[in-house]
Amino acid sequence: MKNLNVLIVTTSHNQLGNTGEKTGVWLEELAGPYYRYLDQDASVTLASIKGGEIPLDPKSELEEWQTEFTKRFYKDEAALSSIKNTKKITEIDPANFDILFFPGGHGPMWDLGDNNEVAQLINEFDKKEKPIGLVCHGVVALKGVKNESGNSFVKGKRVTSFTNSEEEAVGLTQVVPFLLEDALVEEGAIYVKGEDWSDFVIEDGNLITGQNPQSSVSAAQRTIELTVVK
């Protein structure tokens, strides 16, 4: 198997609505896939909407949310440097990459969806049938994407994401601009979900979606497996 080139695209948004609290990318959803790719000899490039330093959700840095991957991340100078110097997505040439992956966190709810630059990136990977992985709120990157026929990208596709009930459990249903589960259904997706906080991944062609932070590594692993099969 050739060494894979992976593009991970994150949010640049750091404000949790009008609460005055900070948000951003959820660290486990970045660190887990990051190391799953690196440990299989892939090359990983980080990009974000605005480029430069990406915001980490402060809550994802609390001790209760630490995993083997986040602990490893904090000790990795190369990883810490990479999140301070991300490329802007408009600087990315999709032809140079084999896999596209979007981690979540609440930040994406404000800048990944209904984003023409994100949509163009997704369509470029899709046209080449390259794996596209998205997890938790990162699945919002599919919102507003149209295919070449002008239809919603997710119409008729089986997808999952952070669920309405999980959003309710974290007390943010009135803070996020919309509920992601509802938005995907409204755009014609065949929405599927597992138990709250379970490792749950859905595959539809080259599209891989994971429900929540617990699903991030599994979603990344599946994109690798799809590439190997091809």
### Message
Which one, Tyr37, Trp110, Gly51, projects farthest toward the positive side of the charge dipole computed for region 5-229 from Cβ point charges (K/R +1, D/E -1)?
### Response
Gly51
### Message
Less than 11 Å Cβ to Cβ from Tyr34, Lys/Arg counted +1 and Asp/Glu -1: what total charge do the surrounding residues give?
### Response
-2
### Query
Mean separation of Cα pairs under 8 Å and 6+ residues apart, divided by the residue count of the chain: what relative contact order is that in percent?
22 percent
### Summary
For 156-165, 68-77, 185-194, ranked highest to lowest by mean beta-carbon neighbours within 10 Å, the order is 156-165, 185-194, 68-77
### Task
Determine, for each peptide in 79-85, 220-226, the mean count of other beta carbons within 10 angstrom over its residues, then list the peptides with the highest first.
220-226, 79-85
## Note on the structure
Relative contact order as a percentage, region 137-230, C-alpha pairs under 8 Å and 6+ apart, gives 26 percent
#### Entry: Karplus (6.51, -1.76, 1.60) ³J(HN,Hα), θ = phi - 60°, over region 201-217, in Hz, Gly and Pro reported as x
10, 10, 10, 9, x, 8, 9, 10, 10, x, 6, 7, x, 5, 9, 5, 5
### Task
Convert each backbone phi in region 8-21 into a coupling constant with the Karplus relation 6.51 cos²θ - 1.76 cosθ + 1.60 (shift: θ = phi - 60°), then list the ³J(HN,Hα) values in order as whole Hz, x for Gly and Pro.
9, 10, 10, 5, 10, 8, 10, 10, 8, x, 9, 7, x, 8
#### Entry: Full-extension gain in nm, Gln15 to Asn147, via 0.36 nm per residue minus C-alpha separation
44.5 nm
#### Entry: Loop GluC sites (Glu not before Pro), region 102-139 (other Cβ atoms within 10 Å of the site Cβ: 11 or fewer; DSSP)
Glu129
### Query
Excluding Ala183 itself, what net charge comes from residues whose Cβ is under 11 Å from its Cβ, given Lys and Arg +1 and Asp and Glu -1?
-4
### Task
Please grab the % of Cα pairs in region 109-204 that end up more than 16 Å from each other.
54 percent
### For the chain, share of DSSP beta bridges that run antiparallel, in % to the nearest 5
25 percent
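We did not get these values from a lab; they are worked out from the coordinates using the rules stated. Everything quoted here is computed from the prediction, not taken from an experiment. Positions of Cβ are generated from backbone atoms using ideal geometry, with glycine treated the same way; all protein chains shown enter the neighbour counts.
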